[in-house]
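Colleague: Pasting a structure below so you can have a look.
The values are calculated or read from the model by the stated rules, or taken from the named source; none is laboratory data. Every value quoted in this text rests on a predicted model; they were computed, and no experiment measured them. Because the Cβ atoms are built from the backbone with ideal geometry, glycine has one as well, and the counts that use them run over all protein chains shown.
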Amino acid sequence: MKRNKILWVDDEIELLRSHIIFLNEKGYDVDTVTNGEDAISQVKNKSFDLIFLDEMMPGLGGIETLAQIKEIQPNIPVVMITKSEEESLMHDAIGSKISDYLIKPVLPSQVLMVCKKLLESKKISVEYAAKDYLNDFREISNKLLTNPDYDEWIEIYLKLVGWDMELDIHPEINLRQTLTEQKKECNKEFSKYIEKEYKSWVNSTGKDNVPILSPQVTEKYVIPLLNKSNGPLFYFVIDCLRLDQWLVMEKHLIGLFNIQKDYYFSILPSATPYARNSLFAGLFPSEIEKNFPELWESMSDDENSMNKFEKELLQLLLNRKKVKLNNELKYVKIIDPDVGRSFEQNILSHKKTHLLAVVVNFLDMIAHGRSDSEILKEIAPDEPAYRSLTNSWFQHSYLLNVFRTIATIPNAKVVVTTDHGSIRTIRGAKVLGDKEASSSLRFKYGRNLKVDDKNAIFIKQPSDYKLPKHGAAVSYIVAKEDYYFIYPTDYHKYLSYYKDSFQHGGISMDEMILPVITMESKA
């Protein structure tokens, strides 16, 4: 095995001979020089994995030597060794991009720890990560045999998402396929679980042990903050946000906010016209249809307009719950970057707004746009790349700037959630239906729908699932696992076109187990 090469630069190198022998015994090759000029010459002519650099040397000092080393080899890790604990010196060294520093006199064990941290931490963390995942693999597999309840399903999903992201950090761990297969098996069992339990959830009287569903989210997480907050409350619904996408976004916010995460289950279909209306209305879709027929009929004229009364539905919910706002409810829907930038510029005008609801459509646009864009497919061919794309967008987005500004507003609070997630669809399922049937890929409603039962839940009576009727004799089908629906016409063309695309509306953990984030500024 290749031994790591270290260069140790110190004008009193003979006093460190025992340290060097110790490092040799531990598997490191150590070259030594006694001044900065020789160190620079060595770096020009040889390749080193790590440099120990004395800060105080005659002639060229440690900081000056460091600067020249970084010009030659900018990525080589350098550990500064100094007798001084002056803060200004540490600032100079850190500003010059040292990887670590030690205060003289140094012990051999300290030196070894630094070597392991800078040269072997990746290898050690990979070994431990692989071992830890295999332990979790067994734990999840065993849990699937015990008929997990909804809380246990959340735990399973959190573990799977955690490992998804851990393997992003350690792609050299050859376990991605194992994780993918385990997630597929979990989604298969999760679909069986939802098929068995979901109808009883939506028909619960409130006394049963059921998870939080879309209609309860605003009442449980938003209204209590309105009643006790003396500052503005910003309620963000980011369309089509998966938990893993939120976690990459959250990394940019942990320095700004204290963050609490809870979880809920999306209603079916896990699609915007149903789940988001339900989120704002505090009602199931059939209840919206029944209680506000004039709104529902207007929304139903075409599927693209089915979310045009979100502000009205939210206001009606506040009225029912007898919530009196200090001023008018504000609502913003961000459907393109221009609207987002305008919102960013005007966010401070809402610092006295009691409740501002904001819908952000960008991630949903990425999910849909990826099906039609070869460039997006190339950029985000799989889940790790999809997370990376989300991170890149958020890091440079108006939305991050909005959160940064909100963090400066006294007593401001933020609730962030989503209406549904998405899943990468892999397997096509042939479906039959009349020409009036809806065109969605993960769910459909219409007359005479036919599909293999193993690929979908068949809903003959929409009222049993608290779904709108959409006319007489209409039934629904909702896709399980990673299936997507294709009509027989041009079957192979569309089978290929939509394979490996991100879709929503069906039954999977990624679509249905969703975060609710409550944030309060650290300022």
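Colleague: Looking at segment 371-386, can you tell me whether even one residue there is farther than 30 Å from L356 by Cα, more than 17 Å from the chain's Cα centre (by Cα), of a type in the set (S, T, N, Q) and in the same structural domain as D338 (by TED's automatic domain parsing)?
Modeller: Looking through segment 371-386, at least one residue is farther than 30 Å from L356 by Cα, more than 17 Å from the chain's Cα centre (by Cα), of a type in the set (S, T, N, Q) and in the same structural domain as D338 (by TED's automatic domain parsing).
Colleague: Could you grab me the full set of residues in segment 79-122 that are modelled with pLDDT under 80 and not polar (S, T, N, Q)?
Modeller: Matches in segment 79-122: E85, E86, E87, L89, M90, H91, D92, A93, I94, G95, K97, K122.
Colleague: In segment 157-273, which helices (runs of 4 or more DSSP H) lie fully inside it and hold 1 or more residues that are assigned by TED's automatic domain parsing to the domain that holds I366, under 23 Å from K522 (Cα atoms) and of a type outside the set (G, A, S)? Break it down stepwise before answering.
Modeller: On the way: elements: 176-202, 223-228, 243-250.
Ranges flagged: 223-228, 243-250.
Colleague: Still on this structure, I have one more. Pull up segment 437-469, narrow it to residues that are small (G, A, S) and outside any loop (DSSP other than H, G, I, E, B), then point me to the one that is farthest from N277 (Cα to Cα).
Modeller: A456
Colleague: What are the residues in segment 420-455 that are of a type in the set (A, V, I, L, M) and either closer than 21 Å to L514 by Cα or in contact with a Leu (Cβ under 9 Å, 6 or more places away or on another chain) (or both), if any?
Modeller: I423, V431, L432, A437, L441, L449, V451, listed by residue number.
Colleague: Consider segment 217-240. How many of its residues are farther than 28 Å from A367 by Cβ and of a type in the set (V, I, T)?
Modeller: 1
Yes/no matrix, rows are residues, columns are (1) out of contact with any Asp or Glu (no Cβ under 7 Å at 6 or more places or on another chain); (2) in a loop (DSSP other than H, G, I, E, B); (3) surrounded by fewer than 17 Cβ atoms within 10 Å (Cβ to Cβ):
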{"position": "D364", "(1), (2), (3)": "no, no, no"}
{"position": "A367", "(1), (2), (3)": "yes, no, no"}
{"position": "I375", "(1), (2), (3)": "yes, no, yes"}
{"position": "E378", "(1), (2), (3)": "yes, no, yes"}
{"position": "P381", "(1), (2), (3)": "yes, yes, yes"}
{"position": "A385", "(1), (2), (3)": "yes, no, yes"}
{"position": "T390", "(1), (2), (3)": "yes, no, no"}
{"position": "F394", "(1), (2), (3)": "yes, no, no"}
{"position": "N401", "(1), (2), (3)": "no, no, yes"}
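One line per residue, one yes/no per condition, for (1) surrounded by 15 or more Cβ atoms within 10 Å (Cβ to Cβ); (2) hydrophobic (A, V, I, L, M, F, W, C); (3) under 42 Å from the mean Cα position of the chain (by Cα); (4) not assigned by TED's automatic domain parsing to the domain that holds V79:
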{"site": "E12", "(1), (2), (3), (4)": "no, no, no, no"}
{"site": "I20", "(1), (2), (3), (4)": "yes, yes, no, no"}
{"site": "K26", "(1), (2), (3), (4)": "no, no, yes, no"}
{"site": "T34", "(1), (2), (3), (4)": "yes, no, no, no"}
{"site": "E37", "(1), (2), (3), (4)": "no, no, no, no"}
{"site": "L50", "(1), (2), (3), (4)": "yes, yes, yes, no"}
{"site": "E55", "(1), (2), (3), (4)": "yes, no, no, no"}
